[in-house]
Amino acid sequence: MRPTKIVCVGWNYRSHIKELKSKLPEEPTIFFKPVSCLIGNGDEIIIPKGVTNVQHEVELALIYGKECKHVSESDAMGYISHVAVFNDVSARDLQWKARDEGNTWDLAKGMDTFGPMSEPIPKESAGDLQNLELELTVNDEVRQKGNTANMIFTLPWLVSYVSRYITMCEGDILITGTPEGVSEIRPGDTVVARIQNIGTLTNKVRSE
Ligand code: MG
């Protein structure tokens, strides 16, 4: 089912916050990516002309199986039917420029092809979602390594939190933040994101 939206969580691993010199949050930063940015395993990440310092962010994606609004933390995971590997591709120079100027970073996060996602699998096949190894390599070199156990805001807490404000529809996607090690990807690179028990997401990078 085609999602109506991709809701994203920023700053959800302590190590990534340290790396980006941001403050430890009391509440998560929530932003959106448009569904037009979605691509699949094997598709190309395309860097538009003039866009510099595009970076990868491996993330666990939760996919909703039914409409979700005002749910408690204890009921939250019952609304998630599938999980997938996601790469929250980000035009970092543009994102920081926007942040410094007090503007939104929608464009930096929302460009076409900036949302690679693996084929979703049933949540039950993935085991304990709060204890999964994540890894991302660029040209076979490990850049990111983490574990979902190191999230600041847990998955049930995030699903419940988002449901206070936003109705999530069947098929909608929640991406849950990235661990440390984000770095630039360039035309010609092969980016492979993996999450234990869930799968592998491979995308080559090219310029427009
Ligand atoms: Mg992200």
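The values are calculated or read from the model by the stated rules, or taken from the named source; none is laboratory data. These numbers were taken from a predicted model, which means no experiment stands behind them. Cβ sites come from the backbone with ideal geometry, for glycine too, and all protein chains shown count toward neighbours.
Is it the case that some residue within region 27-38 is modelled with pLDDT of 95 or more and more than 15 Å from the ligand (Cβ to nearest atom)?
The answer is yes, given that some residue of region 27-38 is modelled with pLDDT of 95 or more and more than 15 Å from the ligand (Cβ to nearest atom).
Condition check: assigned to a helix (DSSP H, G or I) and at pLDDT below 95. Does Arg164 satisfy that?
no
Taking the options Ser81, Ser125, Ser90, name whichever one is in contact with a helix residue (DSSP H, G or I) (Cβ under 7 Å, 6 or more places away or on another chain) and over 23 Å from Gly10 (Cβ atoms).
Ser81
Filter region 166-202 down to the residues that are among the acidic types (Asp, Glu) and more than 16 Å from the ligand (Cβ to nearest atom), then identify the one that is surrounded by the fewest Cβ atoms within 10 Å (Cβ to Cβ).
Glu170
When both residues are 6+ apart or on different chains and their Cβ atoms are under 8 Å apart, which pairs have a first residue that lies in region 68-86 and is among the hydroxyl-bearing types (Ser, Thr, Tyr), and a second that is part of a strand (DSSP E or B)?
Note: pairs meeting the criteria are Tyr79/Tyr64; Tyr79/Cys68; Tyr79/Met168; Ser81/Ile63; Ser81/Tyr64; Ser81/Pro122.
For region 180-202, enumerate the residues that are closer than 22 Å to Ala126 by Cα and in a loop (DSSP other than H, G, I, E, B).
Hits for region 180-202 are Gln196, Asn197, Ile198.
Taking Val205 as the residue in question, decide whether it is buried (at least 19 other Cβ atoms within 10 Å of the Cβ), part of a helix (DSSP H, G or I) and hydrophobic (A, V, I, L, M, F, W, C).
no
Scan Asn139, Asn197 and give me the residue that is modelled with pLDDT of 95 or more, over 20 Å from Val7 (Cα atoms) and touching an Asp or Glu at 6+ places or on another chain (Cβ under 7 Å).
Answer to the check: Asn139.
Any idea which of (1) outside any loop (DSSP other than H, G, I, E, B); (2) at pLDDT below 95; (3) surrounded by fewer than 17 Cβ atoms within 10 Å (Cβ to Cβ); (4) within 13 Å of the ligand (Cβ to nearest atom) is the one Ser15 doesn't satisfy?
It is condition (4) that Ser15 fails.
Sort through Leu107, Leu134 and tell me the only one that's surrounded by fewer than 20 Cβ atoms within 10 Å (Cβ to Cβ) and not β-branched (Val, Ile, Thr).
Of Leu107, Leu134, the one residue that is surrounded by fewer than 20 Cβ atoms within 10 Å (Cβ to Cβ) and not β-branched (Val, Ile, Thr) is Leu107.
I need a count of the residues in region 71-111 that are within 13 Å of the ligand (Cβ to nearest atom) and assigned to a helix (DSSP H, G or I).
Residues meeting the conditions: 5.
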